[in-house]
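Structure first, commentary second.
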Amino acid sequence: MSRIVYLNGEYLPEADAHVSIFDRGFLFADAVYEVTSVLGGKLIAFDGHAVRLQRSVDELGMNYKVDMDELLDIHRQLVERNSLEEGMIYLQLTRGNPGDRDFVYPAQDTTPTLVLFTQTANLLNNPKINTGMKVITVEDQRWARRDIKTTQLLFPSMAKMMAKAAGVDDAWMFEDGAITEGSSNNAYIVKDGKIITRHLGNEILHGITRAAVLKFAKSAQMEVEERAFTVEEAKNADEAFITSASTFVMPVVEVDGQALGDGKPGSVAARLREIYLDESLKQAI
Ligand code: PDD
């Protein structure tokens, strides 16, 4: 079934939505994005994604002001028009089409391009919850402003392909011996009951799921340490997991061929997934 997508104020069948070849999103990856999950036809953590979108826009000096009500309405219309029960809404905002190719940003009155579309996915019953994910580590070769959610996703795609070629599920990236994050998620280890994840900075995306999970962990009296951890620490962890809008909390059972703990999904990840889903579903809009 063809989707109804959103493009610059219009709802269109996907085959009728066209963006110019001069759009800076296409030519320069001059674009930011958000992925918001949908459960039971409701949006998870919408506000967090909208606030981060504005931050990305501001960091890049794009000419766009997030209108929370308007953006919420677009998300809801897409859910309704596509009868989306479970999956994601992808949003991309580019600096627009200046009508030519030029490294210099176009004038501030160039209209940005805003695209949103839905994607159906089995988020709650992802089979990896039971088996856990296996990851390899690869050097982080992305640009230095990973806190801005841009569409420059070629290296993360390459890292995923390296993981696929190695017969595992994902790649965790490292820099100066320390893990930054997963190819499209934040990375955590658990050692002696303590949850360890990299501190915020320009080196990682400030995950919306990360913020919620750490808040819930702290209110459940779980010990959290936000600091860089090494590849060696990851391989010797008791358990590990990732978080993102599309995976929530997902256990990791193997790093670079080394099984963690008993090689099965850990109890901390399971507990956090349960708390995260309970709380997020209560607050879904
Ligand atoms: N990825 N780190 C990176 C590099 C990511 O791409 C993502 C999200 C996250 C987790 O952020 P959040 O919890 O806000 O989803 C961390 C999305 C899901 C994607 O690119 O599809």
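Against the main long axis of the alpha-carbon atoms of the chain, helix 46-59 sits at an angle near 70°.
The alpha-carbon of residue 218 sits under 20 angstrom from the alpha-carbons of these aspartates and glutamates, leaving out residues fewer than 8 places away in its chain: 192, 226, 238, 239, 274, 278, 279. Which of the chymotrypsin sites (Phe, Trp or Tyr not before Pro) across the range 17-121 are loop residues per DSSP, with 15 or fewer other Cβ within 10 Å? Counting only loop positions with at most 15 other Cβ atoms within 10 Å, the chymotrypsin sites (Phe, Trp or Tyr not before Pro) in the range 17-121 are 22, 103.
Between residue 11 and residue 144, the modelled label-to-label distance comes to 4.5 nm, taking each label 7 Å out from Cα in the direction of the beta carbon.
Evaluating kT/(6 pi eta Rh) at 4 °C and 1.567 mPa s, with the Kirkwood radius of the chain over Cα pairs in the Stokes-Einstein relation, gives 66 µm² s⁻¹. Cα axis of helix 208-219 to longest principal axis of the chain: angle in degrees, 0 to 90, nearest 10? Long axis of 208-219 versus the principal axis of the chain: about 40 degrees. For the chain, modelled as a GNM whose springs connect Cα atoms under 10 angstrom apart, the maximal fluctuation among 210, 145, 198 occurs at 145. Treating each Cα of the range 140-259 as an identical point scatterer and summing with the Debye formula, the log10 of I(q)/I(0) at q = 0.12, 0.14, 0.20, 0.21 Å⁻¹ comes to -0.40, -0.55, -1.18, -1.30. Around the Cα centre of the range 132-285, unit charges on the Cβ atoms of Lys, Arg, Asp and Glu (plus for the first two, minus for the last two) sum to a dipole of about 520 debye. Maximal additional length on extending the residue 126-residue 270 stretch stands at 50.5 nm, based on 0.36 nm per residue less the C-alpha distance. Compared with the dominant Cα axis of the chain, that is its longest principal axis, helix 267-283 is turned about 30°.
Taking a point 7 Å from the Cα of residue 284 along the Cα-to-Cβ direction, the residues of the range 93-133 with backbone N closer than 13 Å to it are 121-125.
Residue 18 exposes around 140 Å² of accessible area when a 1.4 Å probe is run over every protein chain in place. Taking all protein chains together, 179, 129 sort by accessible area into 129, 179, largest first [probe 1.4 Å]. Among the listed pairs 160/235; 65/134; 149/264; 191/282, those with a Cα-Cα distance over 28 Å are 65/134; 149/264; 191/282. Summing charges over neighbours of residue 121, with a neighbour being any other residue whose Cβ is under 12 Å away from its Cβ, gives -2 when K and R count +1 and D and E count -1. Counting heavy atoms of the protein chains alone, residue 154 has an accessible area of about 130 Å² for a 1.4 Å probe. Residue ranking by accessible heavy-atom surface, 1.4 Å probe, largest first, among 68, 133 comes out as 68, 133. Note on residue 110 and residue 277: the model spin-label points, each 7 Å out from Cα along the C-beta direction, lie 4.4 nm apart. The fraction of accessible area contributed by carbon and sulfur in the chain is 51 percent, rounded to a whole number (1.4 Å probe; ligands and nucleic acids excluded). With a cut-off of 9 Å between beta carbons, the residues surrounding residue 174 carry a summed charge of -4, where Lys and Arg count +1 and Asp and Glu -1.
The values are calculated or read from the model by the stated rules, or taken from the named source; none is laboratory data. The model shown is predicted, which means the values in this text are computed figures rather than measured ones. Quick reminder, even Gly has a Cβ in these numbers, built from the backbone with ideal geometry, and neighbours come from all protein chains shown. Heavy atoms of the whole protein, side chains included, go into the accessibility calculation; ligands, DNA and RNA do not. Shrake-Rupley method; radii C 1.70, N 1.55, O 1.52, S 1.80 Å.
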